[in-house]
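Data first, discussion second: the structure below is written as structure tokens.
The values are calculated or read from the model by the stated rules, or taken from the named source; none is laboratory data. Remember, it's a predicted structure, so these values are computed and weren't measured experimentally. Note that each Cβ is placed from the backbone with ideal geometry, even for glycine, and that neighbours are counted across all protein chains shown.
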Amino acid sequence: MHVIYIGSKPYSATIGTLSGWTLITGTNGSNGTVANNTDVGSVVWAAFYRYWVAGDAASPSFSITSGNVTLGLCVRFRPTSGYRINTPVGCKGWDNTSGTDYLATTDANPGITTADVLNNFTTIAGDNSTFGTPTITATGATIGAVTESPATEGTSTTGYDLEASASTAVVSSGDASAAPVVGWTLSVAQTGGGAFVRIRETVSPDDLSTRILGMSDDPTPGMMMISGG
């Protein structure tokens, strides 16, 4: 399975859904209505998924209406043999207090439990800051090491600038009793927001191990640049 995250400015930009891809419910949103300018402004984002099949385009394209600048990330998940992935569950969060200690409490608990793979995507309003030290916490759940993935974040000087990154972790044990909280240490004070996706695999009722349908404990994401219209 593949998940694509898209972040854009201004906040009024419309992120179109590519044919064959499905919006992950609850992941799309914006962190406000601050006007777009260089390294400032509210951002808008969304996350989509698709069970990959032979013949799919290697670089799918999404339309951005009324966009000034856009960044995207594509993450691939593969299942354990004999398992398949469930429909991904998502939520979203943002931090509108400009600072270097980015901390976003998401708006829902996606039902986090042992062995779930957690993937977070954050977009900030300018390329004047870089991401570091990602964190993911959720009351009641013990979450393993959180890794910035890909290690090199996305950046764009197109239009009024944008920066984006992603983090991933596996739940070691426990059931979350509250919405997850996502954190970053930024090099320069910024604001932003993004999508949070919970990936879970279950035993397949039939042999689907030859299909690329899901997850691994070591997701291998790759950045994909997308230009907004």
Residue list for segment 29-38, restricted to those being more than 22 Å from T157 (Cβ to Cβ) and either part of a loop (DSSP other than H, G, I, E, B) or basic (K, R) (or both): G32, T33
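Restricting attention to segment 111-131, report how many residues are within 30 Å of V40 (Cα to Cα) and under 16 Å from the mean Cα position of the chain (by Cα).
Taking segment 111-131 first, the residues within 30 Å of V40 (Cα to Cα) are 118-131.
Filter once more, so that each one left must be under 16 Å from the mean Cα position of the chain (by Cα): 118-125, 131.
Of the residues in that region, 9 qualify.
Within segment 167-215, take every residue that is outside any strand (DSSP E or B) and modelled with pLDDT of 95 or more and give me the one that is farthest from P150 (Cα to Cα). Lay out the reasoning, then the answer.
Here is the first cut: in segment 167-215, the ones outside any strand (DSSP E or B) are 175-180, 200, 204-215.
Now narrow it down to the ones that are modelled with pLDDT of 95 or more: 175-180, 200.
Values: D175: 27, A176: 26, S177: 29, A178: 27, A179: 24, P180: 21, R200: 20 Å.
It comes out as S177.
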Selection status of G159, assigned to a loop (DSSP other than H, G, I, E, B), surrounded by 22 or more Cβ atoms within 10 Å (Cβ to Cβ) and at pLDDT below 95: no
Filtered residues of segment 187-203 (kept if among the polar types (S, T, N, Q) and surrounded by fewer than 20 Cβ atoms within 10 Å (Cβ to Cβ)): S187, T202
Test: residue in segment 147-156 that is in a loop (DSSP other than H, G, I, E, B), among the hydroxyl-bearing types (S, T, Y), touching a Lys or Arg at 6+ places or on another chain (Cβ under 7 Å) and closer than 20 Å to G7 by Cβ: no
Selection from segment 112-152 of residues that are over 21 Å from T97 (Cβ atoms) and charged (D, E, K, R): D116, E148
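Just need a number here: residues in segment 15-56 that are polar (S, T, N, Q) and at pLDDT below 95.
The initial filter retains those residues of segment 15-56 that are polar (S, T, N, Q), namely 17, 19, 22, 25, 27-28, 30-31, 33, 36-38, 42.
Those left that are additionally at pLDDT below 95: 17, 19.
Adding up the residues that qualify gives 2.
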Filter result for T137 (buried (at least 21 other Cβ atoms within 10 Å of the Cβ), within 15 Å of D116 (Cα to Cα) and of a type in the set (V, I, T)): no
